[in-house]
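Encoded as structure tokens, the structure appears first; notes follow it.
The values are calculated or read from the model by the stated rules, or taken from the named source; none is laboratory data. Keep in mind that this is a model prediction, so the values were computed, not measured. Every residue, glycine as well, gets a Cβ built from its backbone with ideal geometry; the counts of neighbours run over all protein chains shown. Surface accessibility is based on the protein's heavy atoms, side chains included, excluding ligands, DNA and RNA. Shrake-Rupley method; radii C 1.70, N 1.55, O 1.52, S 1.80 Å.
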Amino acid sequence: MIGLLGLGCKGDSKKDSSVERTEASKEELSKAEKLVNEAISSAGGMGNWSAKKTMSYIKNIQSFDSTGTLLRTVAQIHKYQLKPSFKAYMSWELDGNKHEIVNNGKQAWKLVNGEIQEDKVAVNSAWNSSFGSQYMVCMPFKLKAPGTLLKYEGIDTLSNNRIVHNLKVTYEKGAGSSGGMHTWHYFLNTDNYQFEANFLDHGKGYSYTDYDTFIEVDGIAVTKERKSYVSNENREPVYLRTVYSNSEIQFDIELPEELFKVKN
């Protein structure tokens, strides 16, 4: 009789454990979704964001080596069509050459001094740079994109002792240009839900980014400056790699269709 009771209890325990795990997963997702909703509300609201048709800004980039020496400063012009479908145009001067990236939503090109670069590195750069830059500047609204997998990992403490919400973000395979490849952790302020930092495991290393300042433009909170560090797996910055600062941010300016075309 004792044996039968023992077996019965063991079976119930497995069932209960499975139910508990399912309920815990649902609770984590619910907390994650609520956190994303709070972040979006704090940044201006999804309704306000969804009404924006275009976006343009200047992205100033300072790159450093591991000793802290400034390697270069580049000012990139970014112009995006957000609605009805994504398109992008980017341009900058570097070492006396004009660089451009054009993305019509289906194909992307890299041009140098007006000439299309057809090597694989240039093609990948055009695709990843245009989508990647738009991904970063459109946060936290991008957290509602199809294929986004959210997990709330509770209250956390950053290396500088800031207390934050920890939101783990991964993407289904086929979602965007790097779905299934990257794991992000976004750390949100516990009072106003703005990003404090993020940590990225991109499969070949780690980066840690501090969000220093935000600016409000047409009711939308946009990142003004962030600092990106080479990091170790423990989310500890090793050295400052890049400082990004956005200026002349505008929404809903007219962008001609020709901007997103190239002459073959």
Regarding Ser129, is this residue of a type outside the set (A, V, I, L, M, F, W, C) and open to solvent by less than 30 Å² (accessible area, probe 1.4 Å)?
-> no
Using the structure shown, decide if Tyr193 is open to solvent by 50 Å² or more (accessible area, probe 1.4 Å), over 24 Å from Lys144 (Cα atoms) and of a type outside the set (D, E, K, R).
-> no
Across (1) within 22 Å of Val243 (Cβ to Cβ); (2) hydroxyl-bearing (Ser, Thr, Tyr); (3) in contact (Cβ under 8 Å) with a residue 60 or more places away in the chain, Thr73 clears everything bar (3)
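Yes/no per residue for (1) more than 15 Å from Leu259 (Cβ to Cβ); (2) outside any helix (DSSP H, G or I):
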| site | (1), (2) |
| --- | --- |
| Lys34 | yes, no |
| Ile40 | yes, no |
| Gly47 | yes, no |
| Ile58 | yes, yes |
| Ser66 | yes, yes |
| His78 | no, yes |
| Ser91 | no, yes |
| His99 | yes, yes |
| Lys106 | yes, yes |
Considering region 196-218, residues that are open to solvent by less than 30 Å² (accessible area, probe 1.4 Å) and over 16 Å from the mean Cα position of the chain (by Cα), and then whichever is modelled with the lowest pLDDT, we arrive at Gly205
Of all residues in region 58-96, which are open to solvent by 60 Å² or more (accessible area, probe 1.4 Å) and under 29 Å from Val238 (Cα atoms)?
-> Gln62, Ser66, Thr67, Thr69, Leu70, Leu71, Arg72, Thr73, Asp95
Out of Lys120, Lys173, Lys151, which single residue is in contact (Cβ under 8 Å) with a residue 40 or more places away in the chain, open to solvent by 20 Å² or more (accessible area, probe 1.4 Å) and of a type in the set (Lys, Arg)?
-> Lys151
Checking Leu188 against (1) closer than 25 Å to Ala75 by Cβ; (2) in a strand (DSSP E or B), which test does it fail?
-> (1)
Across (1) assigned to a strand (DSSP E or B); (2) within 19 Å of Thr170 (Cβ to Cβ); (3) free of Cβ contacts under 8 Å to residues at least 40 places away in the same chain, Glu233 clears everything bar (1)
